[in-house]
1. Using only the Cα atoms of the stretch 4-49, what semi-axes does the equivalent ellipsoid have when each is the square root of 5 times a gyration tensor eigenvalue? Give whole Å, largest first.
2. Taking amide H atoms as placed 1.01 Å from N in the peptide plane, list the residues 5 or more away in sequence, or in a different chain, whose amide H sits under 5 Å from that of residue 10.
3. Quote the FRET efficiency, to the nearest 0.05, computed for residue 75 versus residue 2 with a Förster distance R0 of 41 Å and r equal to the Cβ-Cβ distance.
4. With label points built 7 Å along Cα→Cβ from the Cα atoms of residue 24 and residue 68, find their separation and express it in nm.
5. May I ask you to evaluate 6.51 cos²θ - 1.76 cosθ + 1.60, the Karplus curve with θ = phi - 60°, for each residue of the stretch 70-78 and list the ³J(HN,Hα) values in order in whole Hz, giving x for glycine and proline?
6. Multiply the residue gap between residue 38 and residue 52 by 0.36 nm, knock off their C-alpha separation, and tell me the result in nm, one decimal place.
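Bear in mind that the values in this text are calculations on the coordinates, not laboratory data. In this text the structure is predicted, and so the values were computed from the model without any measurement. Glycine gets a Cβ as well: all are built from the backbone with ideal geometry, and neighbour counts include every protein chain shown.
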Amino acid sequence: MKLAGKTALITGGGSGIGLATARLFAAEGARVAITGRTAEKLETARREIGAATLAEAADVGDFAAFSEAVSRVAEALGGLDIVFANAGISASRPLGGTDPRQTASWTGKGLQATRRTRYPAPRS
């Protein structure tokens, strides 16, 4: 088990790449927490990953709520070893059909989440 004894926070962990990553990290021995915007979706994912998984509903675009969620997760896990900043927004558009300003906004959210979670509560 490559991640035995490690703790991990995965943003956007309720579905897609985030959920797949959470499953893999848990299977490799990590204690996992997931965040996302929808509590019901997170609870379904938490049960799927395993009972020891923590789930915190928080939008990375809401700095105060997201910071509080990260603090709760870090306290519950005794700090964080790994942060997988996966939260993002997607939209189906024809190639070239996305407004560059919208793309920048989506990218900005992901970058903000990474910055906010980079060193929230390092384990000692």
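1. Result for the stretch 4-49: semi-axes of 17, 9, 9 Å.
2. Placed amide hydrogens put 33, 34, 35, 84 under 5 Å from residue 10.
3. On the way: r = 25 Å, r/R0 = 0.61.
Once the sixth-power term is evaluated, E becomes 0.95.
4. A separation of 3.3 nm, rounded to one decimal place.
5. The phi angles translate into 4, 4, 4, 5, 4, 5, 5, 8, x Hz.
6. In short, 3.1 nm is gained.
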